[in-house]
Every structure is written in C-alpha cells, then in structure tokens.
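Below is one structure, written out as structure tokens; the observations come after it.
The values are calculated or read from the model by the stated rules, or taken from the named source; none is laboratory data. The shown structure was predicted, so the numbers you read here are calculated from the model rather than taken from an experiment. In this analysis, Cβ positions are derived from the backbone assuming ideal geometry, glycine residues included, and neighbour counts consider all displayed protein chains.
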Amino acid sequence: MISVIGLGLGDIQTLSTEAIQAIKQADVIIASNRQIEFVADLVSKQTEHCQYPSPIENLQSLIEYYGDKNIAILASGDPLFFGIGAWLSRHIPLEKLHFYSNISSIQAAFARIKQPWQQAKIISLHGRPLISLRPQLRNHQWYAILTDANSHPKAIAKELHRHCFEQSKIWVCEALGTASEKSQAFSLDELLACSHDFHPLHITIVYTDGKGGILPEFPGIADSLFETGSLAGKGMITKKNIRLAALTMLQTQANDICWDLGAGCGGLAVEWAYWHLQSQIYAVEDHKERLNYLHINREKFGIVNNLHIIEATVPHSALSDLPRPDKIFIGGSRAFLAETLQQCWQHYLKPNGCIVIPCVTETTRYEVMKFIEEKQLNQQVDKIQISLSQTETLANKEILRPQLPVQLIKISKDKS
C-alpha cells in the first residue's frame, strides 16, 4: 500500500489518526527534509527516508524499487489539490494508493482573509505565461492564483489594470503555517506602487472590480477587436454572426480536438478556444500575413494554452501529424474543398464527430452537396442560411444594406 499523506500547513494536529498510523507503519517515507522533520516524532528509527527524485518522473521507478514495502509519501497541503496526487493517479494503479487529505493552502488563505471561497475560481499560473490569465477574467469574481516568478502579485495587478479591472482588490497570503506568515490586502494602485518582495511561498487572491469590457465575457466577440490589418475586423476572419452560428452547430465539449482549416486571421479559432479552454483547437493556415495576425490575436486574448497554430497548406499539409479531430470547421482552402472534405471524412474525423462548412458562393455549396450525395449522407446533414443587413448611411439617411447570405452546412458522422 502507498499512503499519500497531506501535511496541511504543518500543524501535526491536523493529521487524522489514520494518517498518523500510516506514517508509523511505513517502511519507507518519501518526503523533503522539511517534511520529514515535521513528522520526526512519529517515525521509527528503522524507517528509511528518501528525498523526492528530480525529475519527478523518476518517482515511479523509486516506488517500484520499494514495491514490496509499505510506502508513505508526504505532501504539503492537500495532495489531491494541485499536488503530487494528480501525478500519482496517472502513473500508479489506483488500487495501490490511499490518500489522506488535509487543509490546502488556498482553503487556509481564504480563512485568513475571512471570505467564503465556494465560488472562487482556482487558477495555476505556475509554469504558464501570465497572459493565459486573460481568457479566465470576469468582473465581480473571486480568484485564487498560484504563481511563479513571472506571475507575481504586481504582474497580476498590471494585467488587471490593463483590462480595466482598476477597482479590484488583491490579497497576498505569504508563508502560511510558518512563523513568517503574513496576509495583506492591496488596491491595484497600492500594489503597483509597492516595492515589497513577497515570500516565494504565497497565494494571491483577487476580487475583480471595475468597468471591464476590454475582454469579452459572453460569446460574440466584436469583429473590431480582431487585428486583421489597417482596418481592424475587416480582413480575413469569419464575421461575428456567422461565427456564433457555426460554433453553435459545432457543439464543442470539454476535451474535444478541433480543427479550423484555413483559419485566416483567427476569428473563429480564437473565439472557439476562448470559450472552450478544456478543448484543443488547431488553426491551420498558410498565408504569411494572416498567420501573423492569427498569432497577434491569440496573444491579445491570451489563448496560449489550447490554441495551436499550424503553418501548412490544406489539404496538402501535415494533417496526419495532428491529433484526430472531433470537430472540423473548413473556413478556407476553397480551391481544394472537395479533396479536403474527402480526406477529413475518410481519414481523420472521429466517429460521432462533425464538419461544418460556410457556403457563400454557389460553387462552394455545389461542392459540398456533391460530396454529400456521393457519400449518401443526406440523413446526417443540417443546414441553416443566414441573411443579414448592415446599417449604412446614404444621403444622410440610415439604410439597411443586405449582405450576401451564408449557408452553413453541418455533416455529422455516425458511430461506425
């Protein structure tokens, strides 16, 4: 049996009777020196002590080496809350693991500032770029943020100020459970003016407030927010109303693999990734200038963890090197539409997946319908047509000028 024991904030009184017994019965304890000192009075002289290996991947070999002995693994806080427990659950059979929970540092931090935390959003920026915070920011929301040297409290304050959450409040809870423990509250201005170096072990808590409005909080990102050239929002992007209808037809779920083929400047790919942080979006484009704006828009909205930009020509590209998709949007590469459809349907799209194609010209619609007829897929097709009118001024009078209608065709693949 492998006992994984959370030490909380370092108070031995937080250990359950069962956790104490597991430590006493262990033949081997895997822990840092600081952790082993914490439980020194519970450990017999015969118990072997091993440090956590570096890199952590070597822990599996260490466990296998002591496979016939009782092993206790000590962890700070709660091992199943941003701790070693997640790694162990992926690499060790679950029937061999027994977890002993404890107070997490985030739970303790909210207790220190005397605020409920059931609605707080927990974000880890450890080892992740600071801008990945952007797509998760909403107004009037509590956040608990795990940070590193690049996402320290002052950097978070700058990010909040940049996006007009200027009335936000930030708490920094340092060295919890130690003699150096300290919790302080700051306004953004106070924190930006602060020269204090915070303890490396700290939790940053944020309550967002301010006029906001810079980052979208509801689907339908304004076209003008996308960088496409000299006139923002006027270049190669799928426009807002078509984008929303297409995303509705795609019905993305958590952990879906999604392809945007011919992604242009990234209108659909960025919005797709922005609202589906648990899915992986692969935006494929070969036009150099559009690729440049695609990169700019990805960074502007902070979609750096789940939006992957692939420079390639469709379908003559390395699609076979990408993970097989659950959802495909074919927005570009009209010259090769028939071949692209054939390859995606035959070789790449997973069962129960779907392809959505916007058709502006009759040529495009003909190519799609020809493919559907040849494959006898009529029973697996949904179509909608969107006809919009845009306000313009003519002779100092407001008119509604009709735009070209767009037909969206969705082809769903069955389980076979």
Practice problem: Quick one: which residue in LEU294, LEU307 is touching a Lys or Arg at 6+ places or on another chain (Cβ under 6 Å) and crowded, with 23+ Cβ neighbours inside 10 Å? | Solution: LEU307
Quiz item: Does SER180 satisfy the criteria of being in a loop (DSSP other than H, G, I, E, B), touching a helix residue (DSSP H, G or I) at 6+ places or on another chain (Cβ under 6 Å) and at pLDDT below 95?
Solution: no
Quiz item: Among the residues of region 5-16, is there at least one that is buried (at least 20 other Cβ atoms within 10 Å of the Cβ), touching a residue at least 40 places away in the same chain (Cβ under 8 Å), outside the structural domain of ALA179 (by TED's automatic domain parsing) and on the phi > 0 side of the Ramachandran plot?
Solution: yes
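Given region 360-416, what strands (runs of 3 or more DSSP E) lie entirely inside it while holding 2 or more residues that are free of Cβ contacts under 8 Å to residues at least 40 places away in the same chain and of a type in the set (Asp, Glu)? Spell out the reasoning first.
Details: elements: 381-386, 389-394, 397-402, 406-412.
Because the criterion is at least 2 residues that are free of Cβ contacts under 8 Å to residues at least 40 places away in the same chain and of a type in the set (Asp, Glu), no strands (runs of 3 or more DSSP E) in region 360-416 meet it.
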Quiz item: Which pairs do you get when a residue that is among the small types (Gly, Ala, Ser), found in region 287-316, comes within reach of a residue that is in a loop (DSSP other than H, G, I, E, B), reach meaning Cβ atoms under 7 angstrom, with the pair 6+ apart or on two chains?
Solution: ALA312/ASP286; ALA312/ALA318
Quiz item: Is region 336-349 home to any residue that is surrounded by 17 or more Cβ atoms within 10 Å (Cβ to Cβ), among the aromatic types (Phe, Trp, Tyr), modelled with pLDDT of 90 or more and under 15 Å from TRP259 (Cβ atoms)?
Solution: yes
